[in-house]
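Quick one: the structure is below, questions incoming.
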Amino acid sequence: MTLLQVEDLRAYYRTEVYGISRSVRAVDGVSLVLNHNEIYGIAGESSCGKTTLIKVISGTIKPPLRVESGSVRYNFKAFDVDMLNIDEDDLRLNVRWKEISYVMQGSMSVLNPVRKIIRTFEDIVKTHQGLPDKKLFLEHTRTHVRTLGLPADVLNLYPHQLSGGMRQRVAIALATVFHPSLIIADEPTTALDVVVQRGVLHMLKAIQEQSANTVLLVTHDLAVHANVADRVGIMYAGRIVEEAPTRIIFNEPRHPYTQHLIQSLPVIGDKSPKASLSGAPPSLANPPSGCRFHPRCPMAMEICLTETPEMIRLTPQHRVACHLMTGARA
Amino acid sequence: MSENEKLLDVQNVMVSFHVGGWIGGGRLAAVNNVSFALEAAKPEIFTLAGESGSGKTTLARLLLHDLDPTTGKILFEGRDLATIKKRKDVMEFMRKVQPVFQNPFDTFSPLSHVEDYLFDTAVNFGLAPNRRSAAPVVDEALHQVGLSLDEVSQRYPHELSGGQIQRVSVARALIPQPRLILADEPVSMVDASLRMSIVNLFRKLRDEQEVSVIYITHDLATAYYISDRIAIMLRGSVVESGSVEAVLDRPRHPYTQLLQESVPKPAAADREQWAKEIKLGALEITEYRQVGCKYASRCPHVMDICRTADPPDLEVDGRMVKCYLYTNDAKQGVERSAHLEDYKTI
């Protein structure tokens with residue numbers, strides 16, 4: 001059962017100043033499917049298009065970002081939505097927060113610093129549902145927060161009185177008030193230390209298991225994906241280069257970029273020298289020709305310079321975009 | 001210089017800050033009775049690890065002579081930092097101890113070329129009389145980090161990748177030829193595919209340039225990869241310290257055990273252990289104020305004695321552990337609490 005179907009999505013940032021136009025091809029031909037009841041992980045370096053992909057998926061498309069082609073379709077329980085052709089009011093009232101919610105990296109900037117946490121809850125509920133009975137709302141919010149394992153006292157505190165981990169958990173509680181079908185978590189634990197990260201991710205996972213919804217977890221930390229995600233997609237320079245169930249990605253990575261990322265992860269108990277990739281992530285305003293990884297790829301061939309590799313299905317669950325795979329088949 | 005001279009000697013340092021208002025306020029020991037030393041003859045990478053709010057950065061400020069300890073003292077090359085007051089002495093100290101900060105894009109001004117800062121450092125520390133003659137000094141420092149002056153000259157910070165610019169900031173720290181580099185979370189902002197280049201660079205500096213590095217981080221996996229010794233901090237105190245293999249392969253303090261277990265393993269097979277339920281810390285202030293062991297409220301092996309007084313520093317299996325579990329009197333208590341643990345799981 002699919003929740004979201006993205007097909008050949010291309011979203012570019014286009015700017016035109018004094019007749020000179022520039023385009024940054026942040027998402028360039030991404031296809032992906034999210035199922036109900038799973039945690040899908042997207043991994044990639046900064047400026048590989050992760051955040052742009054999320055923006056398009058969540059319907060936050062504002063100039064200079066423009067969708068050039070492709071489609072983003074949702075099948076929610078009650079209704080279907082075509083994200084690229086939806087009325088802004090409809091999106092705000094019926095989809096955002098009720099069906100799709102968003103947990104951001106800097107939770108400090110999500111919460112209003114001059115209002116108590118409970119007021120932020122109130123704002124959200126008022127906007128999306130209306131607030132006829134304040135007593136009932138308070139009771140619901142308290143139970144909601146408590147079921148997530150947070151003390152109900154946090155509701156009467158200001159954001160600065162909470163620690164980073166607590167704030168992030170409050171942000172998750174806010175994102176789940178209406179039990180949405182899709183929770184997008186963009187680097188939810190990047191600023192946190194390992195113990196708190198573990199706590200926050202446990203909470204996210206528990207919520208997912210309870211309400212059987214979908215979580216799109218975006219982080220550059222592969223070790224987090226190994227422990228949380230059901231399926232992982234690796235992004236490089238605006239494209240998904242490999243996608244497979246977590247176990248397969250870590251045990252049999254096929255794309256040279258994935259292989260490098262996994263080999264270079266430091267592990268406790270292993271002091272052997274680990275190499276770093278040469279070169280830097282490419283600029284999306286002027287990406288390399290052919291396979292975008294070829295300038296840094298240790299196994300680059302002639303064909304990689306000119307032709308973009310197609311996405312190939314090795315197994316029904318495992319997709320790779322690399323010429324080495326086609327070579328192996330031919 | 002004699003054999004056993006110490007490069008850096010931190011002796012029973014304590015820093016306390018005032019928190020709260022005039023009434024009902026109190027003092028909070030952000031760094032509590034910390035001691036460690038780095039040998040001058042043997043350069044090494046020493047890691048200070050711990051969760052946020054454990055006093056790592058306060059300790060770093062102490063070592064950079066940015067903050068004076070409330071009690072205790074810090075000796076650098078045998079000289080007490082508190083006696084370094086004159087401008088000339090401070091410059092001399094700054095020349096020998098250099099920092100590398102977390103976010104390289106904050107380190108450099110976005111409005112000037114990156115090499116300006118390098119030239120300024122060279123001139124200010126008197127390695128070259130003027131900017132024109134500083135070029136070879138700057139170029140040499142950049143070569144040590146695998147870059148060259150041609151590559152970075154006339155470039156603004158935003159034109160370099162995160163890995164490159166962090167290497168430039170390490171190069172800047174290397175210009176005055178320091179004995180000690182203090183790196184506060186140097187890789188947490190750097191992309192995964194470039195992270196190892198920075199980490200490997202610190203290794204190279206230790207081996208080839210004989211620079212000691214104090215590596216402050218909460219990332220235990222990279223700490224294990226590069227460091228020789230490690231100290232685990234919790235709410236201002238060092239709870240376990242020793243060689244990195246001993247501490248992280250076989251942690252003894254319950255807090256280190258939790259930390260080590262919480263590092264997500266990059267193999268999909270070990271998910272069960274990481275998924276075990278954990279207890280997160282209460283508000284930082286309440287834990288700081290706690291009498292006795294600061295970990296008592298979260299510790300699975302907690303005993304009555306833990307809540308009465310600070311645990312002693314004990315020598316266990318070649319490392320220092322600050323925990324009552326390893327005192328002789330407590331041995332029986334351990335068995336009892338281990339038994340209780342079994343009971344809970346049933």
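Every number here is computed from the coordinates shown, using simple stated rules; none is lab data. All values reported here derive from a predicted model rather than from experimental measurement. All Cβ positions, glycine included, derive from the backbone under ideal geometry; neighbour counts span all protein chains shown.
Looking only at the range A:1-110, where both bridge partners belong to it, what percent of the DSSP beta bridges are antiparallel (to the nearest 5)?
On the way: 23 of 24 bridges.
Roughly 95 percent of the DSSP beta bridges within the range A:1-110 come out antiparallel.
If I take R0 = 35 Å and measure r between the Cβ atoms of A:D87 and A:V17 in this structure, what FRET efficiency does the formula 1/(1 + (r/R0)^6) give, to the nearest 0.05?
After rounding to 0.05, the efficiency reads 0.65.
Of B:S109, B:V34, B:G72, which is farthest on the positive side of the dipole of the range B:5-118, counting Cα position, with +1 on Lys and Arg Cβ, -1 on Asp and Glu Cβ, and the Cα centre as origin?
Selected residue: B:G72.
Write down the Å³ per residue value for the convex hull defined by the alpha carbon atoms of the range B:79-230.
Hull volume over Cα atoms, normalised by residue count, gives 122 Å³.
What does the charge dipole of the range B:171-293 about its Cα centre add up to, to the nearest 20 debye, if the Cβ of each Lys and Arg holds +1 and the Cβ of each Asp and Glu holds -1?
120
Okay, moving on. So what is the relative contact order for the range A:4-105, in percent, with contacts set as C-alpha pairs under 8 Å and at least six apart?
31
Let me know the mean shielding of A:252-259 by other chains, meaning the per-residue number of their Cβ atoms within 10 Å of its Cβ.
Mean inter-chain Cβ contacts per residue within 10 Å come to 0.
Could I ask something else about it? Would you compute, from DSSP H runs of 4+ residues alone, the mean residue ellipticity of the protein assembly as shown at 222 nm, taking -39500 (n - 2.57) per run and dividing by the full residue count, rounded to the nearest 500?
It comes out at -9500 deg cm²/dmol, rounded to the nearest 500.
Hey, another quick one. Which whole-Hz ³J(HN,Hα) couplings does the range B:138-148 yield from phi under the Karplus relation 6.51 cos²θ - 1.76 cosθ + 1.60, θ = phi - 60°, glycine and proline marked x?
With coefficients 6.51, -1.76 and 1.60, one gets 5, 4, 5, 5, 5, 5, 5, 9, x, 10, 9 Hz.
Then there's this: Pull up all non-local amide H partners of A:L9: gap of 5 or more, or a different chain, and H-to-H distance under 5 Å with H placed in the peptide plane.
HN-HN under 5 Å from A:L9: A:G29, A:V30, A:S31, A:S71.
Let me ask something additional. Could you give the size of the charge dipole of chain A about its Cα centre, using +1 on the Cβ of each K and R and -1 on the Cβ of each D and E, expressed in debye and rounded to the nearest 20?
That gives a dipole near 620 debye.
Would you mind checking which residues have amide H under 5 Å from A:L3's amide H? H placed 1.01 Å from N; only 5 or more apart, or other chain.
For A:L3, whose amide H was placed from the backbone, the distant partners under 5 Å are A:L34, A:N35, A:H36.
Restricting to chain B, what percent of DSSP beta bridges are antiparallel, rounded to 5?
60
Take A:T143, project a point 7 Å from its Cα along the Cβ direction, then tell me which residues of the range A:115-134 have their backbone nitrogen under 16 Å from it.
Once the point is set 7 Å along Cα→Cβ of A:T143, A:133-134 turn out to lie under 16 Å by backbone N, inside the range A:115-134.
Structure shown: which of B:K96/B:K204; A:K98/A:K126; A:K116/B:K279; B:K56/B:K294; B:K6/B:K322 lie over 22 Å apart, alpha-carbon to alpha-carbon? Spell out each step's value before the answer.
Numbers: B:K96/B:K204 18 Å; A:K98/A:K126 12 Å; A:K116/B:K279 25 Å; B:K56/B:K294 16 Å; B:K6/B:K322 24 Å.
Violating the 22 Å Cα-Cα cut-off are A:K116/B:K279; B:K6/B:K322.
Please compute, over every Cα-Cα pair in the range A:195-284, the percentage with a separation greater than 18 angstrom.
On the way: 2130 of 4005 pairs.
When every Cα pair of the range A:195-284 is considered, 53 percent fall beyond 18 Å.
I would also like to ask the following. Considering chain B as a Gaussian network with a 10 Å cut-off on Cα pairs, which listed residue, B:A41, B:A173, B:A30, attains the greatest mean-square fluctuation?
For chain B, modelled as a Gaussian network with Cα springs under 10 Å, the answer is B:A41.
Okay, next question. Across the range B:216-228, in residue order, what do the Karplus-derived ³J(HN,Hα) couplings come to in whole Hz, using 6.51 cos²θ - 1.76 cosθ + 1.60 with θ = phi - 60° and x for Gly and Pro?
Per-residue couplings from phi come out as 9, 7, 10, 8, 5, 5, 5, 4, 4, 5, 9, 8, 9 Hz.
Using only alpha carbons, build the gyration tensor for the range A:51-100 and give me the equivalent ellipsoid semi-axes, biggest first, whole Å.
Taking √(5λ) for each Cα gyration eigenvalue gives 18, 12, 10 Å.
Mind listing which GluC sites (Glu not before Pro) in the range B:219-278 are in a DSSP loop and have 13 or fewer other Cβ atoms within 10 Å?
Taking the range B:219-278 and a limit of 13 other Cβ atoms within 10 Å, the loop GluC sites (Glu not before Pro) found are B:E277.
I've got another one for you. How shielded is B:240-252 by partner chains, expressed as the average number of their Cβ atoms within 10 Å of its Cβ atoms?
Per residue, the number of nearby Cβ atoms from other chains is 1 on average.
In terms of the ratio Rg/(2.2 N^0.38 Å) built on C-alpha atoms, what value belongs to chain A?
Output field value: 1.06.
Specify the residue with the greatest mean-square fluctuation among B:L205, B:L64, B:L194, computed from a Gaussian network of chain B linking alpha-carbon atoms under 10 Å apart.
It is B:L194.
With each pseudo-label sitting 7 Å past Cα toward Cβ, what's the A:T190-B:K279 distance in nm, one decimal?
3.3
From other protein chains only, count the Cβ atoms within 10 Å of every residue's Cβ in A:186-197, then give the mean. Show your work: numbers first, answer last.
Values: counts 0, 0, 0, 1, 2, 2, 3, 12, 13, 15, 8, 5.
Mean partner-chain Cβ count within 10 Å for A:186-197: 5.
By DSSP, what percent of the beta bridges with both residues in the protein assembly as shown are antiparallel, rounded to the nearest 5?
65
Short version: ³J(HN,Hα) in whole Hz for each residue of the range A:295-302, in order, from phi by Karplus 6.51 cos²θ - 1.76 cosθ + 1.60 (θ = phi - 60°), x for Gly and Pro, what are they?
Taking θ as phi minus 60°, the curve returns x, 10, 7, x, 10, 4, 10, 5 Hz for the range A:295-302.
Still on this structure, I have one more. What is the angle, in °, between the Cα long axis of helix B:162-174 and the longest principal axis of the Cα atoms in chain B? Nearest 10 is fine, range 0 to 90.
Taking Cα atoms only, the helix is inclined about 80 degrees.
Moving on to the next point. Can you give me the three principal axis dimensions of the protein assembly as shown from its C-alpha atoms, in Å, biggest first?
Its Cα atoms span 74, 66, 51 Å along the three principal axes.
Enumerate the amide H contacts of B:L8 below 5 Å, restricted to partners 5 or more residues apart or on another chain; note that Pro and chain-start residues carry no placed amide H.
Those lying under 5 Å, H to H, from B:L8 are B:L38, B:E77.
How many Å³ per residue does the convex hull of the Cα positions in the range B:85-138 occupy? Please report the intermediate quantities before stating the final value.
On the way: hull volume 5.6 nm³, N = 54.
It comes to 103 Å³ per residue, whole-number rounded.
Given the options B:L67, B:L111, B:L28, which has the most mean-square fluctuation in a GNM of chain B, springs set between C-alpha atoms less than 10 angstrom apart?
Answer for the Gaussian network model of chain B: B:L111.
Okay, next question. What is the magnitude of the charge dipole of the range A:104-196 about its Cα centre, with +1 placed on the Cβ of each Lys and Arg, -1 on the Cβ of each Asp and Glu, and no other charges, expressed in debye to the nearest 20?
Computed about the Cα centre, the dipole is about 320 debye.
When the Cα centres of the range A:39-106 and the range B:223-270 are compared, how far apart do they sit, in Å?
40
Add +1 for every Lys or Arg and -1 for every Asp or Glu among the other residues with Cβ under 9 Å from the Cβ of A:H220, and state the total.
For residues surrounding A:H220, the net value is -3.
Follow-up. For chain B, what percent of Cα pairs sit more than 36 Å apart?
27
Over the range B:1-152, calculate the relative contact order: mean separation of alpha carbon pairs under 8 Å at least 6 apart, over the residue count, as a percent.
20
What share of all Cα pairs of the range A:1-101, in percent, falls into each consecutive 5 Å distance bin?
3, 11, 22, 23, 19, 12, 6, 2, 1, 0
If one computes the Cα centroid of the range A:134-165 and of the range B:159-191, what distance in Å separates the two points?
What the calculation gives is 41 Å, centre to centre.
With a 10 Å radius around each residue's Cβ, average the other Cβ atoms per peptide and rank A:112-119, B:83-90, A:290-297, highest first.
Working: A:112-119: 14.9, B:83-90: 10.6, A:290-297: 22.0.
Answer by packing, highest mean first, reads A:290-297, A:112-119, B:83-90.
Mind giving me the FRET efficiency for B:F105 and B:D304? R0 is 45 Å, r the Cβ-Cβ distance, nearest 0.05 is fine.
0.35
Moving on. Just to be sure I understand: if I project the alpha-carbon convex hull of the range B:1-141 onto a plane and average over all orientations, what area do I get in nm²?
12.0
Another question about this same structure. Any idea what the relative contact order of chain A is, in percent, if you count C-alpha pairs under 8 Å spaced at least 6 apart?
21
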